[in-house]
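Report on the structure given below.
The values are calculated or read from the model by the stated rules, or taken from the named source; none is laboratory data. The structure displayed is predicted, hence computed values, not measured ones. As a convention, Cβ positions derive from the backbone with ideal geometry for all residues, glycine included, and neighbour counts pool all protein chains shown.
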Amino acid sequence: MSATLHTATAATAAAATASEPLPVLGGDVTVPLVTGGEVVYAALDYAASAPALQRVWDDVAAYAPYYGSVHRGAGYLSQLSTDLFEQSRATVAEFLDCRPADQVVFTRSTTDSLNLLAAALPAGCQVFVFETEHHASLLPWRDAQVTYLNAPRTPGQAVATLERALADRNPYGPALVCVTGASNVTGELWPVRELAAAAHAHGARIVLDAAQLAPHHPVSVQDLDVDWVAFSGHKLYAPFGSGVLAGRADWLQEAEPYLAGGGASRRVARRADGGVDVEWHTTAARHEAGSPNVIGVYSIASACRALTEAGFEGLVAREQRLIETVRAGLAEVPEVRVLSLFGDEAPRVGVISFVVEGWNSSHFAAALSAEYGIGVRDGLFCAHPLVRTLLGSEPQAQGECGAPEAAPGERSLNAIRVSFGAGTPDEHVERFVAAVRELVAEGAKWQYHTEEGRCVPVS
């Protein structure tokens, strides 16, 4: 069944080379400029949501006429959809190089995946998490005993900090370490394999937040030796509202279902006393109650296939070239300060955050959009403690966007983030570097003001 659907997408499957981006939707979208005319939109906010790969879109379009209920019906379309759904689970397991006994649970996002795992923690579990994490990794552990670790300044310091914290824990209870694979603020790669070894040496388990890692680098559960991995489809070029939690089955099987309802239950019966007896599934279905997002799940599997077929070696090499272009261009502007935990030589993915002396970050990002057709992000990136650590600032009220948030030489209150990936053309990053240089040298060509908390051009 699925082979027929894949045939419809063969014409759009493209392998990456050292010089060509993968085809994505929106590559030819034009946007108006406040200064007049239009320009092709430069989408440089991949760390928030990456555009859909053309391959993913075509796969979904080929399947859409065959859409049916999953695990619910005897009809042909229902069976086809169920087969597609379960094949997608196998594709994701292969993409992540899971262990044979691992489970792949489909969720809504990385945030949903980590909240699911948090709900499945054994009683008395201790959780260790660095303050540098995205809020999706920092905040779900409300019912556990949480130790927040200070921001390390080298990968080795990260491992040493974790080892000291684990050495002081209760050695008889369960413990979990949560760590990112690549920072959504600095793009820096974390020493996941070494952190996993430290966790296991002290009897703890580890979950990898791969939201920013999986779209840029291969992720092997077995090679990294992590217990679970979580990521989102909308960052993996499959923006249809689905995510993944993959890893060890025991804690998930022993926990109450994340959602109670149809699909999670194997058998339900009334008791003589008027109550209800429920036998829950022990498979991934235990935590997938309700009708699943088969479109989202299939799109993730399609993206996994597309990236694998393109070859990460070529994708990584090309992205590193784009990173070097951006970093070299920003280094030529003295007013720009790039944010980093581990230093300039640290390996990283295509995520770079920076501040510009004398500029309000919201104002700068608005000017990039309105005057150059470049979409970036400004703020604290759902990683408030990390960004404030890097900026050396505390929470403060945001000022009017037309005026600097801090005087030249003073500390900025938030930052600007540019991010890119497998679908980014060279011209987009070159335009970005030129725009930064021009804005700093000449200032904005338009007037801006704050409207509903956002900096926007004056109409």
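Just to be sure before I move on: is Thr154 within 28 Å of Arg377 (Cβ to Cβ), surrounded by fewer than 21 Cβ atoms within 10 Å (Cβ to Cβ) and either among the polar types (S, T, N, Q) or assigned by TED's automatic domain parsing to the domain that holds Val338 (or both) in the structure I sent?
For Thr154, the condition - within 28 Å of Arg377 (Cβ to Cβ), surrounded by fewer than 21 Cβ atoms within 10 Å (Cβ to Cβ) and either among the polar types (S, T, N, Q) or assigned by TED's automatic domain parsing to the domain that holds Val338 (or both) - is met.
From Val219, Val207, which residue is under 15 Å from the mean Cα position of the chain (by Cα) and closer than 25 Å to Leu53 by Cβ?
Testing whether each residue is under 15 Å from the mean Cα position of the chain (by Cα) and closer than 25 Å to Leu53 by Cβ leaves just Val219.
If you check Gly296 against the conditions, is it of a type in the set (Gly, Ala, Ser), part of a loop (DSSP other than H, G, I, E, B) and more than 25 Å from Pro122 (Cβ to Cβ)?
Here the answer is no, as Gly296 does not meet what is asked.
Only one of Ala289, Ala260, Ala269, Ala331 is without any contact (Cβ under 8 Å) to a residue 60 or more places away in the chain, out of contact with any Cys (no Cβ under 6 Å at 6 or more places or on another chain) and outside the structural domain of Ala90 (by TED's automatic domain parsing); which?
Testing whether each residue is without any contact (Cβ under 8 Å) to a residue 60 or more places away in the chain, out of contact with any Cys (no Cβ under 6 Å at 6 or more places or on another chain) and outside the structural domain of Ala90 (by TED's automatic domain parsing) leaves just Ala331.
Residues of the range 91-130 being under 17 Å from the mean Cα position of the chain (by Cα) and acidic (Asp, Glu), which ones?
Within the range 91-130, Asp112 is the sole residue that qualifies.
Please work out which one of (1) in contact with a Leu (Cβ under 7 Å, 6 or more places away or on another chain); (2) assigned to a loop (DSSP other than H, G, I, E, B) is the condition Ala246 fails and give its number.
Only one criterion is unmet by Ala246, namely (2).
List pairs: first residue in the range 367-392 and farther than 11 Å from Ala435 by Cα, second residue among the β-branched types (Val, Ile, Thr) and assigned to a helix (DSSP H, G or I) anywhere in the structure, Cβ distance under 9 angstrom, at least six positions apart or on different chains.
Final answer for the pair search is Gly379/Val387; Leu380/Val387; Phe381/Val387.
Can you name the residue in the range 415-434 that is farther than 22 Å from Leu380 by Cα and among the small types (Gly, Ala, Ser) and, of all such residues, is farthest from the chain's Cα centre (by Cα)?
Out of the qualifying residues, it is Ala434.
Does Asp97 satisfy the criteria of being closer than 30 Å to Leu162 by Cα, surrounded by fewer than 22 Cβ atoms within 10 Å (Cβ to Cβ), in contact with a Lys or Arg (Cβ under 7 Å, 6 or more places away or on another chain) and not polar (S, T, N, Q)?
Against the criterion (closer than 30 Å to Leu162 by Cα, surrounded by fewer than 22 Cβ atoms within 10 Å (Cβ to Cβ), in contact with a Lys or Arg (Cβ under 7 Å, 6 or more places away or on another chain) and not polar (S, T, N, Q)), Asp97 does not qualify.
Has the range 234-247 got at least one residue that is over 14 Å from Glu94 (Cα atoms), of a type in the set (Val, Ile, Thr) and either in contact (Cβ under 8 Å) with a residue 12 or more places away in the chain or in the same structural domain as Arg321 (by TED's automatic domain parsing) (or both)?
No - not one qualifying residue is present in the range 234-247.
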